[in-house]
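Q: Structure below; questions to follow.
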Ligand SMILES: [Fe+2]
Ligand SMILES: [Fe+2]
């Protein structure tokens, strides 16, 4: 494989830079945004402890980010594209095992967000006891994401790229971009549908 020194990358036209990007580039960039929400929610947890009340607007923003961004858009690209293509390769046992663990971990995150929403709804409905459950779910998500992200960033992503040649990586990047393009339409389509189902029209 030809390695191009980093100082050359800066002087390259954008279309060439694009060609050098690995599919894990956008995935790792998404990890950084998820981490920023984790920091906000960690602060929120401290504030809940101190004031015995929760900021529903921040919790709702967190739930939306976990569902639409972290799960549908980010885990979606991991599972539906990267892991799908890896599953077609002759994977080393270690990588196969890690990939299975990552899928299980996505299921765990989904369950924890569901539980957080259930506790949030009870809390908003006046059940102050639900605050304890919200704190527990928030703590679980705050503990979970950094470990999951580190596992992918440090132990899986770079190794996973070794299974793909440049052409396959470029095709994957293109499929990622298509996947992302669909997300905004899907999000608002689902939003409208949910209100229509409630009988608002
Ligand atoms: Fe993941
Ligand atoms: Fe990830």
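The values are calculated or read from the model by the stated rules, or taken from the named source; none is laboratory data. Just so it is clear, the structure is predicted and the values come from calculations on it, not from any experiment. Here Cβ is always computed from backbone atoms with ideal geometry, including for glycine, and neighbour counts include all displayed protein chains.
Q: One residue is enough: does the stretch 113-123 have a residue meeting the conditions surrounded by 14 or more Cβ atoms within 10 Å (Cβ to Cβ) and within 16 Å of ligand 1 (Cβ to nearest atom)?
A: The answer is yes, given that some residue of the stretch 113-123 is surrounded by 14 or more Cβ atoms within 10 Å (Cβ to Cβ) and within 16 Å of ligand 1 (Cβ to nearest atom).
Q: Hey, residue 144 hits all of (1) over 25 Å from residue 31 (Cβ atoms); (2) in contact (Cβ under 8 Å) with a residue 12 or more places away in the chain; (3) surrounded by fewer than 16 Cβ atoms within 10 Å (Cβ to Cβ) but one; which does it fall short on?
A: Of everything listed in (1) over 25 Å from residue 31 (Cβ atoms); (2) in contact (Cβ under 8 Å) with a residue 12 or more places away in the chain; (3) surrounded by fewer than 16 Cβ atoms within 10 Å (Cβ to Cβ), residue 144 misses just condition (1).
Q: Ok, one more. Going through 151, 135 one at a time, which residue ends up being under 17 Å from the mean Cα position of the chain (by Cα) and either outside any helix (DSSP H, G or I) or touching a residue at least 24 places away in the same chain (Cβ under 8 Å) (or both)?
A: 151
Q: Give the number of residues within the stretch 1-44 that are modelled with pLDDT of 55 or more and not in a helix (DSSP H, G or I).
A: 5
Q: Right, here's the next one. Looking only at residues in the stretch 77-91 that are in contact (Cβ under 8 Å) with a residue 40 or more places away in the chain and over 15 Å from residue 173 (Cβ atoms), which one is nearest to the chain's Cα centre (by Cα)?
A: 86
Q: State the number of residues belonging to the stretch 87-119 that are more than 16 Å from ligand 2 (Cβ to nearest atom) and in a helix (DSSP H, G or I).
A: The total comes to 12.
Q: Residue under question is residue 100, and the condition is that it be surrounded by fewer than 17 Cβ atoms within 10 Å (Cβ to Cβ) and within 11 Å of ligand 1 (Cβ to nearest atom); does it hold?
A: no
Q: For residue 63, are the conditions met, namely being out of contact with any strand residue (DSSP E or B) (no Cβ under 8 Å at 6 or more places or on another chain), free of Cβ contacts under 8 Å to residues at least 12 places away in the same chain and away from ligand 2 (no atom under 16 Å from the Cβ)?
A: no
Q: It is to be established whether one or more residues within the stretch 33-43 are within 30 Å of residue 164 (Cα to Cα) and out of contact with any helix residue (DSSP H, G or I) (no Cβ under 6 Å at 6 or more places or on another chain).
A: yes
Q: Test of understanding: among 136, 175, 152, 168, which residue is surrounded by 12 or more Cβ atoms within 10 Å (Cβ to Cβ), away from ligand 1 (no atom under 16 Å from the Cβ), within 30 Å of residue 116 (Cα to Cα) and at pLDDT 95 or above?
A: Criteria check complete, one pass: 136.
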